[in-house]
Amino acid sequence: MNASPERKKRAASTTRRGYVNRNGQVVIRNTGLPGNEQGQSVYQMACSICGHVYGANGSDIHLRRCPMHDRGAPGLKYEQGIFGAGVRRLT
Ligand SMILES: [Zn+2]
């Protein structure tokens, strides 16, 4: 029997790929870029409702709302978009 490898139990692993929060926002990947809060990195998120793709701090994932249709905060900018250049808009 092994000791539990996961000593830290967070509420949920909200930063894993495929996580969907209560607002229907899906984690796509960690961009590896620093977020705008200390110690956070930017995660690429997608809205499962309207398809909008944007960046968010890891700590915000669980409460993120879609900036496009759900009046969430504007997405964070990140440069390495796999979906092309359209991710930089700030509305
Ligand atoms: Zn949306």
*Between residue 50 and residue 13, what is the FRET efficiency for a Förster distance of 30 Å, r being their Cβ-Cβ separation, to the nearest 0.05?*
0.75
*Can you sort 66, 50 by how many other beta carbons sit within 10 Å, fewest first?*
50, 66
*Please list the non-local residues whose amide H lies under 5 Å from the amide H of residue 42, H modeled 1.01 Å from N, same-chain partners needing a gap of 5 or more.*
31, 32, 33, 35
*Mind listing the phi-derived Karplus ³J(HN,Hα) values for the range 60-69, rounded to whole Hz, using 6.51, -1.76 and 1.60 with θ = phi - 60°, and x for any glycine or proline?*
9, 4, 5, 10, 5, 10, 5, x, 7, 10
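Coordinate-derived values only; no laboratory data. Because the structure is a prediction, the values reported are computed rather than measured. With ideal geometry, Cβ positions are generated from the backbone for all residues, glycine too; neighbour counts draw on all protein chains shown.
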